[in-house]
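The next block holds one structure in the form of C-alpha coordinates; read it before the comments.
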Amino acid sequence: VAMSRAIIRHPKAFLFDEPLSNLDAALRVHMRKEIRALHDRLGATSVYVTHDQVEAMTMADHVVVMREGVIEQQGKPLELYDTPANKFVAGFIGSPAMNFIPGIVQADGSGLAIDLGTVKHTLPSNRQLQPGRKLTVGIRPEHIGITATGQGTFDIPVDVVESTGSATFITAATTPELTIVETGRSTARGGETIGVTIDPAQVHLFDEEKGVRI
(Lines give C-alpha, C1' and ligand atoms only; values in the text may rest on other atoms or scores of the structure.)
Protein backbone atom coordinates (compact mmCIF):
# COMPACT_ATOMS: atom_id res chain seq x y z
CA VAL A 1 0.00 0.00 0.00
CA ALA A 2 2.82 2.41 0.89
CA MET A 3 4.53 1.69 -2.42
CA SER A 4 1.28 2.25 -4.35
CA ARG A 5 0.81 5.62 -2.70
CA ALA A 6 4.35 6.60 -3.67
CA ILE A 7 4.07 5.36 -7.26
CA ILE A 8 1.02 7.54 -7.93
CA ARG A 9 3.15 10.63 -7.30
CA HIS A 10 5.73 9.56 -9.92
CA PRO A 11 8.76 10.22 -7.66
CA LYS A 12 12.34 10.36 -8.87
CA ALA A 13 13.46 8.16 -5.98
CA PHE A 14 12.04 5.57 -3.60
CA LEU A 15 13.31 5.13 -0.04
CA PHE A 16 12.89 1.66 1.47
CA ASP A 17 13.70 1.04 5.14
CA GLU A 18 13.78 -2.75 5.69
CA PRO A 19 10.38 -3.22 4.00
CA LEU A 20 10.46 -7.03 4.16
CA SER A 21 11.62 -7.50 7.76
CA ASN A 22 8.19 -8.61 9.09
CA LEU A 23 7.38 -11.08 6.32
CA ASP A 24 7.76 -14.86 6.44
CA ALA A 25 10.53 -16.49 4.42
CA ALA A 26 8.45 -17.48 1.37
CA LEU A 27 6.80 -14.06 1.07
CA ARG A 28 10.19 -12.31 1.43
CA VAL A 29 11.52 -14.19 -1.60
CA HIS A 30 8.39 -13.34 -3.60
CA MET A 31 8.46 -9.65 -2.66
CA ARG A 32 12.18 -9.35 -3.49
CA LYS A 33 11.32 -10.25 -7.07
CA GLU A 34 8.26 -7.95 -7.09
CA ILE A 35 10.22 -4.92 -5.85
CA ARG A 36 13.08 -5.57 -8.27
CA ALA A 37 10.66 -5.91 -11.21
CA LEU A 38 8.88 -2.73 -10.14
CA HIS A 39 12.19 -0.88 -9.92
CA ASP A 40 13.16 -1.96 -13.44
CA ARG A 41 9.76 -0.98 -14.84
CA LEU A 42 9.55 2.45 -13.22
CA GLY A 43 13.17 3.43 -13.84
CA ALA A 44 13.38 5.46 -10.62
CA THR A 45 16.30 5.31 -8.21
CA SER A 46 15.63 3.13 -5.16
CA VAL A 47 17.57 3.51 -1.92
CA TYR A 48 17.04 0.28 0.00
CA VAL A 49 18.20 -0.14 3.60
CA THR A 50 18.56 -3.70 4.85
CA HIS A 51 20.48 -5.86 7.31
CA ASP A 52 19.82 -8.92 5.12
CA GLN A 53 22.85 -9.39 2.90
CA VAL A 54 20.90 -11.78 0.64
CA GLU A 55 18.52 -8.92 -0.19
CA ALA A 56 21.47 -6.63 -0.84
CA MET A 57 23.19 -9.13 -3.12
CA THR A 58 20.12 -10.15 -5.13
CA MET A 59 18.36 -6.80 -5.52
CA ALA A 60 21.06 -4.15 -5.80
CA ASP A 61 22.90 -2.65 -8.76
CA HIS A 62 25.21 -0.90 -6.30
CA VAL A 63 25.80 -1.83 -2.65
CA VAL A 64 27.06 0.48 0.09
CA VAL A 65 28.17 -1.34 3.25
CA MET A 66 28.10 0.91 6.31
CA ARG A 67 29.22 0.51 9.92
CA GLU A 68 28.45 3.09 12.60
CA GLY A 69 27.61 5.68 9.96
CA VAL A 70 30.84 5.19 8.00
CA ILE A 71 31.02 3.68 4.50
CA GLU A 72 33.29 0.63 4.63
CA GLN A 73 33.03 -0.25 0.92
CA GLN A 74 30.77 0.31 -2.06
CA GLY A 75 30.47 -1.24 -5.48
CA LYS A 76 28.67 -3.94 -7.42
CA PRO A 77 27.49 -6.89 -5.29
CA LEU A 78 29.93 -9.41 -6.75
CA GLU A 79 32.82 -6.93 -6.46
CA LEU A 80 32.23 -6.79 -2.70
CA TYR A 81 31.93 -10.57 -2.58
CA ASP A 82 35.13 -11.24 -4.55
CA THR A 83 37.33 -8.44 -3.18
CA PRO A 84 36.10 -7.27 0.25
CA ALA A 85 37.99 -4.21 1.50
CA ASN A 86 38.22 -5.47 5.09
CA LYS A 87 37.10 -8.17 7.52
CA PHE A 88 33.81 -6.44 8.28
CA VAL A 89 32.71 -6.45 4.65
CA ALA A 90 34.05 -9.97 4.13
CA GLY A 91 32.05 -11.26 7.10
CA PHE A 92 28.88 -9.41 6.12
CA ILE A 93 28.72 -10.39 2.45
CA GLY A 94 28.16 -14.12 1.95
CA SER A 95 26.03 -16.71 3.73
CA PRO A 96 27.29 -18.64 5.63
CA ALA A 97 29.88 -16.04 6.57
CA MET A 98 33.54 -16.22 5.57
CA ASN A 99 35.82 -18.30 7.81
CA PHE A 100 38.55 -16.32 9.60
CA ILE A 101 41.66 -18.19 10.74
CA PRO A 102 44.67 -16.77 12.64
CA GLY A 103 47.85 -17.04 10.59
CA ILE A 104 51.49 -16.00 10.55
CA VAL A 105 53.86 -15.68 7.61
CA GLN A 106 56.71 -18.19 7.59
CA ALA A 107 60.34 -17.16 7.88
CA ASP A 108 60.94 -17.38 4.13
CA GLY A 109 57.75 -15.43 3.37
CA SER A 110 56.41 -18.11 1.04
CA GLY A 111 53.75 -19.74 3.23
CA LEU A 112 51.17 -19.09 5.92
CA ALA A 113 51.08 -21.08 9.14
CA ILE A 114 47.43 -21.29 10.24
CA ASP A 115 46.18 -22.23 13.69
CA LEU A 116 42.85 -24.05 14.16
CA GLY A 117 43.50 -25.21 17.71
CA THR A 118 44.07 -28.94 17.41
CA VAL A 119 44.78 -28.54 13.69
CA LYS A 120 47.84 -26.59 12.55
CA HIS A 121 49.02 -26.43 8.96
CA THR A 122 51.04 -24.36 6.49
CA LEU A 123 49.26 -23.02 3.42
CA PRO A 124 51.28 -22.07 0.34
CA SER A 125 50.97 -18.42 -0.64
CA ASN A 126 50.95 -17.00 -4.15
CA ARG A 127 52.41 -13.69 -2.94
CA GLN A 128 55.55 -12.61 -1.10
CA LEU A 129 54.79 -11.39 2.41
CA GLN A 130 56.79 -10.00 5.33
CA PRO A 131 58.19 -12.93 7.37
CA GLY A 132 56.68 -13.21 10.83
CA ARG A 133 53.74 -10.93 10.03
CA LYS A 134 50.51 -11.90 11.81
CA LEU A 135 47.50 -12.08 9.50
CA THR A 136 43.91 -13.22 9.41
CA VAL A 137 43.29 -15.79 6.70
CA GLY A 138 39.80 -15.67 5.17
CA ILE A 139 38.23 -18.48 3.17
CA ARG A 140 34.60 -18.76 2.12
CA PRO A 141 32.76 -21.99 3.11
CA GLU A 142 31.89 -22.78 -0.52
CA HIS A 143 35.57 -22.52 -1.52
CA ILE A 144 36.65 -25.39 0.75
CA GLY A 145 36.61 -28.78 -0.94
CA ILE A 146 36.19 -32.16 0.74
CA THR A 147 38.33 -35.26 0.10
CA ALA A 148 39.18 -38.50 1.83
CA THR A 149 41.42 -38.21 4.89
CA GLY A 150 45.09 -37.79 4.07
CA GLN A 151 44.40 -36.67 0.50
CA GLY A 152 43.60 -32.98 0.99
CA THR A 153 45.35 -29.88 2.28
CA PHE A 154 44.79 -31.11 5.85
CA ASP A 155 42.36 -33.21 7.90
CA ILE A 156 39.74 -31.85 10.31
CA PRO A 157 37.30 -33.41 12.79
CA VAL A 158 33.60 -32.95 11.99
CA ASP A 159 31.28 -31.57 14.66
CA VAL A 160 27.85 -30.93 13.09
CA VAL A 161 26.41 -31.79 9.66
CA GLU A 162 23.27 -29.96 8.45
CA SER A 163 21.61 -30.87 5.14
CA THR A 164 19.18 -28.61 3.30
CA GLY A 165 18.76 -31.02 0.40
CA SER A 166 20.46 -28.83 -2.20
CA ALA A 167 23.50 -28.19 0.01
CA THR A 168 25.15 -29.52 3.16
CA PHE A 169 26.62 -27.32 5.89
CA ILE A 170 29.51 -28.90 7.77
CA THR A 171 30.90 -27.39 10.97
CA ALA A 172 34.34 -28.59 12.03
CA ALA A 173 35.35 -29.18 15.64
CA THR A 174 38.17 -26.64 15.43
CA THR A 175 39.02 -23.35 17.13
CA PRO A 176 37.85 -21.13 15.54
CA GLU A 177 35.07 -23.19 13.99
CA LEU A 178 35.48 -23.90 10.29
CA THR A 179 32.29 -23.93 8.20
CA ILE A 180 32.14 -25.78 4.88
CA VAL A 181 29.37 -25.78 2.27
CA GLU A 182 29.18 -28.86 0.07
CA THR A 183 26.79 -28.84 -2.90
CA GLY A 184 24.15 -31.56 -2.70
CA ARG A 185 24.31 -34.45 -0.23
CA SER A 186 27.38 -35.29 1.84
CA THR A 187 28.73 -38.50 3.30
CA ALA A 188 30.36 -36.63 6.20
CA ARG A 189 29.10 -37.47 9.69
CA GLY A 190 29.56 -35.85 13.07
CA GLY A 191 32.51 -37.29 15.00
CA GLU A 192 34.35 -38.40 11.86
CA THR A 193 37.50 -36.93 10.30
CA ILE A 194 37.51 -35.62 6.74
CA GLY A 195 40.11 -34.14 4.43
CA VAL A 196 39.70 -30.62 3.09
CA THR A 197 41.33 -28.84 0.17
CA ILE A 198 41.98 -25.10 0.02
CA ASP A 199 42.96 -23.32 -3.19
CA PRO A 200 45.50 -20.53 -2.39
CA ALA A 201 43.88 -18.41 -5.12
CA GLN A 202 40.62 -18.37 -3.10
CA VAL A 203 42.29 -17.23 0.13
CA HIS A 204 41.78 -13.67 1.39
CA LEU A 205 44.37 -12.05 3.67
CA PHE A 206 43.64 -9.31 6.19
CA ASP A 207 45.87 -7.32 8.51
CA GLU A 208 45.42 -8.70 12.03
CA GLU A 209 45.20 -5.33 13.78
CA LYS A 210 43.44 -3.04 11.29
CA GLY A 211 41.43 -5.72 9.50
CA VAL A 212 42.10 -4.25 6.05
CA ARG A 213 42.59 -6.44 3.03
CA ILE A 214 46.19 -7.14 2.01
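The rows are residues; the columns are (1) touching a helix residue (DSSP H, G or I) at 6+ places or on another chain (Cβ under 8 Å); (2) touching a residue at least 60 places away in the same chain (Cβ under 8 Å).
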position	(1), (2)
PRO77	yes, no
ILE93	yes, no
ALA97	yes, yes
GLY111	no, no
GLY117	no, no
PRO124	yes, yes
VAL137	no, yes
THR147	no, no
GLY152	no, no
Is there any pair with a first residue in the range 176-200 that is over 29 Å from GLN128 (Cα atoms) and without any contact (Cβ under 8 Å) to a residue 40 or more places away in the chain and a second that is open to solvent by 20 Å² or more (accessible area, probe 1.4 Å) and among the aromatic types (Phe, Trp, Tyr) whose Cβ atoms are under 9 Å apart and which are 6 or more apart or on different chains, and what are they? GLU182/PHE169
Go through (1) open to solvent by 60 Å² or more (accessible area, probe 1.4 Å); (2) closer than 20 Å to GLU182 by Cα; (3) assigned to a strand (DSSP E or B) one by one and return the number of the condition ILE104 breaks. (2)
For the structure I just gave you, tell me whether THR122 is of a type in the set (Ser, Thr, Tyr) and open to solvent by 30 Å² or more (accessible area, probe 1.4 Å). yes
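Kindly indicate the residue of the range 70-96 that is aliphatic (A, V, I, L, M) and touching a strand residue (DSSP E or B) at 6+ places or on another chain (Cβ under 8 Å) and also farthest from GLU142 (Cα to Cα) among those meeting that condition.
The extreme case among them is ILE71.
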For the range 1-37, which residues satisfy the criterion of being in a loop (DSSP other than H, G, I, E, B), farther than 21 Å from HIS51 by Cα and open to solvent by less than 50 Å² (accessible area, probe 1.4 Å)? PRO11
Would you mind stating whether ALA85 is crowded, with 17+ Cβ neighbours inside 10 Å, of a type in the set (A, V, I, L, M, F, W, C) and within 29 Å of GLU182 (Cα to Cα)? yes
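The values are calculated or read from the model by the stated rules, or taken from the named source; none is laboratory data. None of the values given here were measured: they were computed from a predicted structure. Glycine gets a Cβ as well: all are built from the backbone with ideal geometry, and neighbour counts include every protein chain shown. For accessibility, only protein heavy atoms count, side chains too; no ligands or nucleic acids. Shrake-Rupley method; radii C 1.70, N 1.55, O 1.52, S 1.80 Å.
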